[in-house]
Amino acid sequence: MKDITTTQDIQLLVNTFYESVRESEIGFFFEEIAQVNWEKHLPKMYIFWQALLFADVKFDGNPMGAHFPINEKMAMEKHHFDTWLSLWKSTVDQLFSGEIAESAKSKAENIASLMSYKMEMDTKLRKL
């Protein structure tokens, strides 16, 4: 298998990943809670991952801020992020192998850990 080296690779990764997410036990967050507009969301994710993995574009979104309104509707818990991470890693491993693929998994681990912590703190603060 080849490594992640092009924007087309990122698009394949992101598209394949979100197909599996939508069919998984966390799919309801995207379909029912957030009611994601996939035509808008996927291009944002292409740029996000391209910025993280290639540093050749600038991502000007706010991923953390986008998740707080969802968390208010339904608490996003650690096990949800564990599922997200597991799906991401298995998708990367299914499609790619190499240094950038490993970086994609490592960066996703950091994202899942930070998001999980921030959402947990948000939920606790709202209960005070």
Taking the conditions exactly as written (out of contact with any helix residue (DSSP H, G or I) (no Cβ under 8 Å at 6 or more places or on another chain) and farther than 25 Å from Asp3 by Cα), does Lys118 satisfy them or not?
no
Residues of segment 31-46 satisfying the condition of being more than 15 Å from Lys107 (Cα to Cα), open to solvent by 40 Å² or more (accessible area, probe 1.4 Å) and either in a helix (DSSP H, G or I) or at pLDDT below 95 (or both)
Glu31, Glu32, Glu39, Lys40, His41, Pro43, Lys44
Mind listing just one residue for me: the one in segment 61-88 that is open to solvent by 30 Å² or more (accessible area, probe 1.4 Å) and among the polar types (S, T, N, Q) and, of those, farthest from the chain's Cα centre (by Cα)?
Asn62
So Lys2 clears everything in (1) in contact (Cβ under 8 Å) with a residue 24 or more places away in the chain; (2) open to solvent by 50 Å² or more (accessible area, probe 1.4 Å); (3) over 19 Å from Ala104 (Cβ atoms) except one condition, right? Which one?
(3)
Can you list residue pairs whose Cβ atoms sit under 6 Å apart, with the first residue in segment 8-30 being open to solvent by 10 Å² or more (accessible area, probe 1.4 Å) and the second being among the charged types (D, E, K, R)? Count only pairs 6 or more apart in sequence or on different chains.
none
Residues that are open to solvent by 60 Å² or more (accessible area, probe 1.4 Å) and of a type in the set (Phe, Trp, Tyr), drawn from segment 89-125
Tyr117
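The values are calculated or read from the model by the stated rules, or taken from the named source; none is laboratory data. Note that the structure is predicted; figures quoted are calculated from it, not measured. All Cβ positions, even for glycine, are placed from backbone atoms using ideal geometry, and neighbour counts span all protein chains on display. Side chains included, ligands, DNA and RNA excluded: accessible areas come from the protein's heavy atoms. Shrake-Rupley method; radii C 1.70, N 1.55, O 1.52, S 1.80 Å.
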